[in-house]
1. Collect residues whose amide H, placed 1.01 Å from N in the peptide plane, falls under 5 Å from the amide H of Gly93; neighbours closer than 5 in sequence don't count.
2. About its Cα centre, how strong a charge dipole does the chain have in debye, to the nearest 20, once Lys and Arg get +1 and Asp and Glu get -1 at the Cβ?
3. Give me Ile348, Ile97 ranked fewest to most by other Cβ atoms within 10 Å of their Cβ, as a rough exposure proxy.
4. Could you tally the net charge around Lys418, taking each other residue with its Cβ under 15 Å from the Cβ of Lys418, Lys/Arg +1 and Asp/Glu -1?
5. Among Arg511, Arg342, rank each residue by its count of other Cβ atoms within 10 Å, from fewest to most, as a rough exposure measure.
6. Which of Ile526, Ser470, Phe152 sits farthest toward the positive end of the charge dipole of the chain, with +1 on the Cβ of Lys and Arg and -1 on the Cβ of Asp and Glu?
7. Given Cα pairs under 8 Å that are at least 6 residues apart, what percent is the relative contact order of region 134-243?
8. When volume of the Cα convex hull per residue in Å³ is calculated directly from the model, which label among [x] 149; [y] 188; [z] 256 fits?
Amino acid sequence: MSYRLDIRNQKKGTYLVIEEKYRDKEKKQARTKHHKTLGYVHDLQKEFPDPIAHFNEVVAQMNTEKKENKKLTLEIDLNEKLPEESHARYNMGYAVIMKIYHELELDRFFNNKARHEAFKYNTNSIMTLLTIARILHPSSKKRAYEYKDMFFERFDFELHDIYRALSYFSKISLECQQFISDQIHAKFGRNTTLMYFDVTNFHFEIDKPDDMRKYGKEKNNRPDPIVQMALAMDADGIPLYYKLFPGNTHDTKTFIPAFKDVCVRFAPGRVIAVADMGCTSSDNIFFLKGGDRDKRVNGYVFSFSIRKGSEKFKEYVLDDDGYTDENGKTLKKDFDYKVKSRIEVREIQVTMKNGSKKSMLIDEKQVVYWSEKYARKARAEREETIKKALDIIANPKNHNKSTAHGAAAYIKNIAFDKKTGEIYEKPGKMLIYDEEKAAEDAKYDGYYCLITSELEMHQQRVIEIYRGLSDIEDNFKVSKSDLDIRPVHVSREDRINAHVLTCFISLVILRLVQKKTNYKFTPEQIINCLNNISCSLEHTNLYIFDYRSNISDYIGKTFGIDFSNKRLRLSEIKNILATSKK
């Protein structure tokens, strides 16, 4: 039995197939059978300069290995030195990333989009590297380029080609998001009856703001200019759409533009929007209830600030009457959770087209719950905040507006210099700890309130839906930490958008890996595992692996990749990678 490269001249071009030759014992004659389809030469040239020569070598190696015994005897020279500038370690875990990348057919998308462009580089190859590097080694584009030799891929482009491609990626970013959504809908299924929204921002270490990078409320209270990003996720926590806004855009102002885009581009039908207090505003609620031109009526589950509520509402929250456990039963003496709800008519102030405010009444369900776990957490956090407040009062020169964030709420007469952010005392007024404010806030430790348009929905279901928002918060944590979305190392608006698109694609792939593995592992566990699935060149075309875990076994079984072998030949590795791209 042996292999041969079959070169077929067809109307569309030269076509390559690997055939397997064998002998039919019954008919006692030589026969061939199909082993592997390679494709047209003009398509393969995007990855291999001379596909025929390359695959002739592959076939020759396959035939050599067929003849060789699987057991090898290696002679090791313990005095052998590494050659200068040696690189003999490669990552293999990225095969899982490639599996999802090609299952989404992103290679087809980028190759087709670039077909009529006069590029001297392969945009799909560039996006492949940026995606792999963003997941496994998040850093600058320059650093991603330096990582290219860690993988068994042929990345035939220069660093400047990456920067040139970013402008192009920005131009097709909306089409790419739409394409990804269509692929997920077709191959994984999409549930858009619920849609989670959140807003984050990322900073830029620059001296002056511009049209996009503006001063705003940075999530970590840094003084740098920022860009706002709204992200929408489906009910399974898979990213659906992102939209960028200037840094001085308030969170509440990002919701309607992002939601409208989602509805226009993805036609999800009626949606229940889920968001935290950053997106909770009267205008957003009015919009969801059909107060816009298209009169589309959607629903919402939003968190609601108890401390900013009316006195009557606060009395309702603190009144023990009506609370039950999560099963609707009377509370026990040592309860650690309680919940109650009611349907209430609430007055909201809606901004009209001319800028004036108009009072409107809405029917709304209010769900209030309390948890001992949340109460302990709130107490601990406030104790730290009060400790900081007292230190500010004692040593105001050691702090500024940024470091005083949160603690300033418990200090009377505190003021900040608008230019420097330094703390100063108003004439005749000392900095004083606001004990009454701390005592008032302590009343609401552990309490949460949700408001919803879904009047008939059970209170526990409302809470369950809102808790799904933690998925989107986890996504942001992944994008900010594991995927290192900030700080951003590019400055032009189109390149910023391309950078976020890369992070978006990486986030989608990471979440789909989680979905396929039944959410058994955190993003951090998956990333660490894929990074550890690496090998070193032990001998000519022979690589040795040094990592195996329960996680790698589970991921490998899920994706049909055997990560348990201690040694693999180069041809075997390339065959695994080729299979991952089908």
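Since every read-out is calculated from the coordinates, none of them should be taken as a lab result. In this text, all values refer to a predicted model and were calculated from it rather than measured experimentally. Reconstructed Cβ throughout: ideal geometry from the backbone, glycine too, with neighbour counts over all protein chains shown.
1. Residues meeting the amide H criterion: Ile533.
2. 1500
3. Values: Ile348 17, Ile97 24.
Ordered by Cβ neighbours within 10 Å, fewest first: Ile348, Ile97.
4. On the way: positive: Lys401, Lys419, Lys426; negative: Asp417, Glu422.
Computed value for this residue: +1.
5. On the way: Arg511 24, Arg342 12.
Fewest to most other Cβ atoms nearby, the residues stand as Arg342, Arg511.
6. Phe152
7. On the way: 108 pairs, mean separation 23.2, N = 110.
Relative contact order, region 134-243: 21 percent.
8. Calculated volume of the Cα convex hull per residue in Å³: the matching label is [z].
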